[in-house]
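For reference, the structure is listed below as structure tokens.
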């Protein structure tokens, strides 16, 4: 993320629970009160995922809280939101998602330098229990090696 991007929300559990195969930047179709809630940071990416339906990608279970200052024109917090990607990217993703065990999840939402809301979507494969243990073991070994280097100086 560059310094000109303002992060709205991040899915911190994604890198722990999934192997990230590939990432894509997508636009998202929002209504005005949703954008205002995003500016307040009232967004949760937990348990959300993307689904391809009739050649279009939708973000499901993305929670954007209702904007407190809009009255009857407020939005539904859990509605499906359309992601904007090129057709060839959608076709490529559709082919990859049909493979066993792969899915699309959002990693983070942010405002780009032009003020547009963007979503970083990742093609992922779920980790097994032994993968988690392996990651923890690798992290501990790296930490121990850094500690040894620091003590030698």
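The values are calculated or read from the model by the stated rules, or taken from the named source; none is laboratory data. All figures in this text were calculated on a predicted structure; none of them were measured in a lab. Positions of Cβ are generated from backbone atoms using ideal geometry, with glycine treated the same way; all protein chains shown enter the neighbour counts.
Every test in (1) in contact (Cβ under 8 Å) with a residue 60 or more places away in the chain; (2) part of a loop (DSSP other than H, G, I, E, B) is passed by residue 132 save one, and that test is (2). Consider residue 78 carefully, then state whether it is in contact (Cβ under 8 Å) with a residue 40 or more places away in the chain and touching a strand residue (DSSP E or B) at 6+ places or on another chain (Cβ under 7 Å). Taking the combined requirement at face value, the residue does not satisfy it. Of all positions in segment 29-36, none carries a residue that is under 25 Å from residue 127 (Cβ atoms), touching a helix residue (DSSP H, G or I) at 6+ places or on another chain (Cβ under 9 Å) and surrounded by 13 or more Cβ atoms within 10 Å (Cβ to Cβ). For the criterion of being assigned to a strand (DSSP E or B), at pLDDT 85 or above, over 16 Å from residue 111 (Cβ atoms) and touching a strand residue (DSSP E or B) at 6+ places or on another chain (Cβ under 7 Å), residue 20 passes. For segment 90-103, filtering for residues that are more than 22 Å from residue 61 (Cα to Cα) and under 19 Å from the mean Cα position of the chain (by Cα) leaves 1. Restricting attention to segment 129-142, the residues that are farther than 18 Å from residue 20 by Cβ and either in contact with a strand residue (DSSP E or B) (Cβ under 6 Å, 6 or more places away or on another chain) or surrounded by 10 or more Cβ atoms within 10 Å (Cβ to Cβ) (or both) total 5. Put simply, of 48, 65, 44 the only residue that is over 30 Å from residue 130 (Cβ atoms) and either at pLDDT 85 or above or out of contact with any strand residue (DSSP E or B) (no Cβ under 9 Å at 6 or more places or on another chain) (or both) is 65. Yes or no: segment 81-91 includes at least one residue that is within 30 Å of residue 137 (Cβ to Cβ) and free of Cβ contacts under 8 Å to residues at least 60 places away in the same chain. No; the residues of segment 81-91 include none that is within 30 Å of residue 137 (Cβ to Cβ) and free of Cβ contacts under 8 Å to residues at least 60 places away in the same chain.
Condition first: loosely packed, with under 13 Cβ neighbours inside 10 Å and within 14 Å of residue 119 (Cα to Cα). Can you find one or more residues in segment 6-21 that meet it? Yes.
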